[in-house]
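**Q** Shown below is the structure under consideration.
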């Protein structure tokens, strides 16, 4: 999924992988994430917006750094190529997985983290697609709790 987000950012001409790239790649690669949208119309609208963005609709984002303010801007060379907001949601996804005793984050962990950062590009994409990000984050929390029950 991360490789797909990186490839999408390069293809789009963006300097950094942002939360919208993560969302797009996540939706394309994880069936559990697609099911979390609870029906086709919302998912179709979100994908439509993401495709429009990839063909130039989102050019206003090109060349800019996504920083939702969730974390201080990172100057770590290992973080090169990632927006501060994308790094924050990746950390949050790992935290969510660890809280369930999992060593690795699943797609639903990342989706919940993406939907929780209200100032991220992913949440803007969700809103334009008619998805209430809070509803989605709550739904994913319920789904991951159900999955972790014995």
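The values are calculated or read from the model by the stated rules, or taken from the named source; none is laboratory data. Everything numeric here is computed off the predicted structure, so don't read it as measured data. Neighbour counts run over all protein chains shown; Cβ positions are idealised from the backbone, glycine included.
**Q** Being out of contact with any strand residue (DSSP E or B) (no Cβ under 7 Å at 6 or more places or on another chain), over 13 Å from residue 129 (Cβ atoms), modelled with pLDDT under 90 and in a helix (DSSP H, G or I) narrows it down to one of 15, 11, so name that one. If you could, list the steps in order and put the result at the bottom.
**A** Details: 15 fails: in a helix (DSSP H, G or I).
Going through 15, 11 in turn, the sole match is 11.
**Q** On to the next question. Let me spell it out: the conditions are (1) assigned to a loop (DSSP other than H, G, I, E, B); (2) under 20 Å from residue 117 (Cβ atoms), and residue 6 meets all of them except one. Which number is the exception?
**A** (1)
**Q** Also, I was wondering about something else. Any idea which of 136, 126, 114, 108 is over 14 Å from residue 19 (Cβ atoms), within 15 Å of the chain's Cα centre (by Cα), in contact (Cβ under 8 Å) with a residue 60 or more places away in the chain and buried (at least 19 other Cβ atoms within 10 Å of the Cβ)? Break it down into steps so the answer makes sense when it comes.
**A** Values: 136 fails: over 14 Å from residue 19 (Cβ atoms); 126 fails: over 14 Å from residue 19 (Cβ atoms); 114 fails: over 14 Å from residue 19 (Cβ atoms).
Only one candidate qualifies: 108.
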